[in-house]
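Asks: The structure that follows is given in the form of structure tokens.
Every number in this text was worked out from the coordinates using simple rules, so none of it is lab data. All of these numbers come straight from a predicted model, not from anything done at the bench. No Cβ is skipped: glycine too gets one built from the backbone with ideal geometry, and neighbour counts run over all protein chains shown.
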Amino acid sequence: MNFRKKVAWLMIIAAIQMPCLSFAAEEDKELSLIAAEQERSADDERLDEINPALTETITTERTQETDKDKRERKKKLKQARKEKEKANEQKLKDSANKKTDKRKDSSPIEIAPTEPTPRPVVETKPEPQPVVETKPEPQSVAETKPEPQSVVETKPEPQPVAETKSIPQPITTPPAAPPKSPLTPPSSPAETVPFANQKMLYANFAEVARAVHFIPLYMPRKSGYEITSLYAGQGIVEVRYGRRWEPTVSLTVRTYKRKDGEEPQDISGVTGVKWRVDTTTGTTIYVAKISETEQVAAWAVGHYTFSARAENLSYAGFYSLVADELVELSTHYYLDI
């Protein structure tokens, strides 16, 4: 009894499940069709994006395309290909025609014959031929010995000697030597180079430099001194200065270029003064006091000799001006290199 009940229950359950399975199968078919249609539409959209010219020939519903439509589509594709091939051939022909036209239009370039450049004529000088010195052949010299002669000795006769007495002469003392120049060596006599009486007055510094062929020593404007006049004569250049804020103060600077082998000499033109030697700057400077208001200095650098003279300036101010400015400038710009 139990077995029959179980079979009956199974039959009932199978009868109930059959329509459900058929319904599920139909739903699965519909879902698969929808998915296929979506894939076809996606493929068609991709084809349209890749080549928009294919949209006219390829339809979305491929299953509905008949054989006639396929033939017509193939014909259209063949025609389109032929037209493209013809267009390409035409383009090739046109480009070939253009190249030939250009070659015909281009006229040949005439090259003018170049005249041959004349070659330099090389003068051929005759080569000097060696001169053959012909020395005379030595001839045999016959040695002739002088015959010995008899020598007669002659004695001088004694002569009377006259006694001479020396007459005393007056003794003359040599004159006193003049005072030595500070720039002249001790072994040589004292000399000074006087300034020329016929000195020339120049308008500016460039003119006087051209006249003597060297650049004289000068004071920069920053020091407060201005050039008032320029003179030159016998190779000596004299530059006169005035002080801007003290019109009573004056300064005269002289420059002289020595020749090769010429000894340095004093060009200040001042004599009869007591010179003081100073070597603190490394250059030997001779300084002297002319009066209470006048001082003079002299020094030499290389081939140049200098002097400076000031009026209405204190001794300390004059020494600072010479040592710190004039000698400093001359030792930098007038050295023999």
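Asks: Using mean Cβ contacts within 10 Å as the protection proxy, how do 29-38, 308-317 order, highest first?
Replies: Result, highest mean Cβ count within 10 Å first: 308-317, 29-38.
Asks: Determine ³J(HN,Hα), in whole Hz, for all residues of the range 279-286 in sequence, where each value follows from phi through the Karplus function 6.51 cos²θ - 1.76 cosθ + 1.60 and θ = phi - 60°; x replaces Gly and Pro.
Replies: 10, 5, 8, x, 10, 6, 10, 9
Asks: Also, I was wondering about something else. Could you work out how much longer the chain between I16 and T271 gets when fully extended? Use 0.36 nm per residue separation minus the Cα distance between them, nm to one decimal.
Replies: Working it through step by step, the gained length comes to 76.0 nm.
Asks: Continuing with this model, one more query. Could the peptides 95-101, 203-209 be put in order, highest first, of the mean number of other beta-carbon atoms found within 10 Å of their residues?
Replies: Order by mean packing, descending: 203-209, 95-101.
Asks: Could you tell me which of the pairs K29/K78; K222/K257; K199/K259; K78/K99; K257/K289; K199/K257 are separated by over 28 angstrom between their Cα atoms in the structure shown?
Replies: K29/K78; K78/K99
Asks: What does the highest-first list of 231-239, 273-281 look like by mean Cβ count within 10 Å?
Replies: Ranking, from highest mean packing down: 231-239, 273-281.
Asks: Pop out the ³J(HN,Hα) list for the range 237-248 in order, Karplus 6.51 cos²θ - 1.76 cosθ + 1.60 with θ = phi - 60°, rounded to Hz; leave Gly and Pro as x.
Replies: For the range 237-248, the Karplus curve yields 10, 10, 10, 9, 10, x, 8, 5, 8, 9, x, 7 Hz.
Asks: Over the Cα atoms of the range 200-333, Rg to Rh with Kirkwood Rh, two decimal places?
Replies: Computed over Cα atoms, the ratio is 0.93.
Asks: Can you give me the distance in nm between label points at A8 and K289, each placed 7 Å from the Cα along the Cα-to-Cβ direction?
Replies: With each label placed 7 Å out from Cα toward Cβ, I get 16.6 nm.
Asks: Here is a follow-up. Any idea what the relative contact order of the range 200-333 is, in percent, if you count C-alpha pairs under 8 Å spaced at least 6 apart?
Replies: With pairs under 8 Å counted, the relative contact order is 19 percent.
Asks: Which whole-Hz couplings ³J(HN,Hα) result when phi for each residue of the range 258-263 is put into the Karplus expression 6.51 cos²θ - 1.76 cosθ + 1.60, θ = phi - 60°, listed in order with x for Gly and Pro?
Replies: Karplus-based 3J(HN,Hα) across the range 258-263 equals 7, 7, 5, x, 7, 6 Hz.
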